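Novice: Supplied in structure tokens, the structure appears directly below.
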């Protein structure tokens, strides 16, 4: 599959490749810079660094991005990566995928999260195996909850720490 970048009014979503992932794990942005973009000084975030080994493991199997890994969120205005969005793998046997996203702190509250989520969900509409979109966020993360709700996901459960969201395609 030849995966293309996703474009919105203000953003470009670029799939992370194996080379980019391995470069970031080593603390280098060299592979990113080959694309003509830069990393915001606060990206990759701690959360992104935590999931890079998982993304790397997935990409080592597929060799090329399927779209169900992580996409870098690039601000078209300054060509900087300001966050990332993606899935926790391909749809499971029930057609469920889980989406997650994060932005560098100083870019939050500008609508970038909603814009990126809308783009990735539009892409997902054309992926046959995906029937249910799931997400979770901390109860204290009101901004993420608003973004998920605006995107059409409904709260299906919560515990003392997390809110669980779902959207049936």
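Novice: Using Cα centres only, tell me the gap between the range 118-147 and the range 33-93 in whole Å.
Specialist: So the separation of the two Cα centres works out to 16 Å.
Novice: Still on this structure, please answer the following. When DSSP assigns beta bridges and you keep just the ones with both residues in the chain, what percent turn out antiparallel, to the nearest 5? It would help to have the intermediate numbers written out before the result.
Specialist: On the way: 29 of 34 bridges.
Roughly 85 percent of the beta bridges in the chain run antiparallel, per DSSP.
Novice: A further question on this structure: Considering Cα pairs under 8 angstrom that are at least six residues apart, work out the relative contact order of the chain and quote it in whole percent.
Specialist: Details: 283 pairs, mean separation 31.1, N = 169.
The normalised contact order for the chain reaches 18 percent.
Novice: Only Cα pairs within less than 10 Å get springs; with that Gaussian network setup on the chain, which residue of 38, 131, 26 has the largest fluctuation?
Specialist: So, out of 38, 131, 26, the one fluctuating most is 26.
Novice: Pick from 139, 85, 12: which residue has the top mean-square fluctuation in a GNM of the chain where Cα pairs under 10 Å get a spring?
Specialist: Greatest mean-square fluctuation among the candidates belongs to 139.
Novice: What is the gain in length, in nm to one decimal, between residue 10 and residue 50 on full extension, counting 0.36 nm per residue of separation less the C-alpha to C-alpha distance? Could the numbers behind the result be given before it?
Specialist: Values: separation 40, 0.36 × 40 = 14.40 nm, distance 2.70 nm.
This chain segment gains 11.7 nm when fully extended.
Novice: Let me ask another. Quick check on the exposure proxy: order 123, 43, 71 from fewest to most C-beta atoms within 10 angstrom.
Specialist: Working: 123 16, 43 23, 71 26.
Going from least to most buried by this count: 123, 43, 71.
Novice: Another question, then. Give me 39, 137 sorted ascending by neighbouring Cβ count inside 10 Å, so fewest comes first.
Specialist: Values: 39 18, 137 22.
Ranking 39, 137 by Cβ neighbours within 10 Å, fewest first, gives 39, 137.
Novice: Can you give me the relative contact order of the range 94-153 as a percent, contacts being Cα pairs under 8 Å and 6 or more apart?
Specialist: Details: 43 pairs, mean separation 29.1, N = 60.
Here the relative contact order equals 48 percent.
Novice: Subtracting the Cα-Cα distance from 0.36 nm times the residue separation, let me have the gained length for residue 126 to residue 141 in nm, one decimal. Provide the component values of the computation, followed by the final result.
Specialist: Values: separation 15, 0.36 × 15 = 5.40 nm, distance 2.95 nm.
2.5 nm is the gain from fully extending residue 126 to residue 141.
We did not get these values from a lab; they are worked out from the coordinates using the rules stated. In this text, all values refer to a predicted model and were calculated from it rather than measured experimentally. No Cβ is skipped: glycine too gets one built from the backbone with ideal geometry, and neighbour counts run over all protein chains shown.
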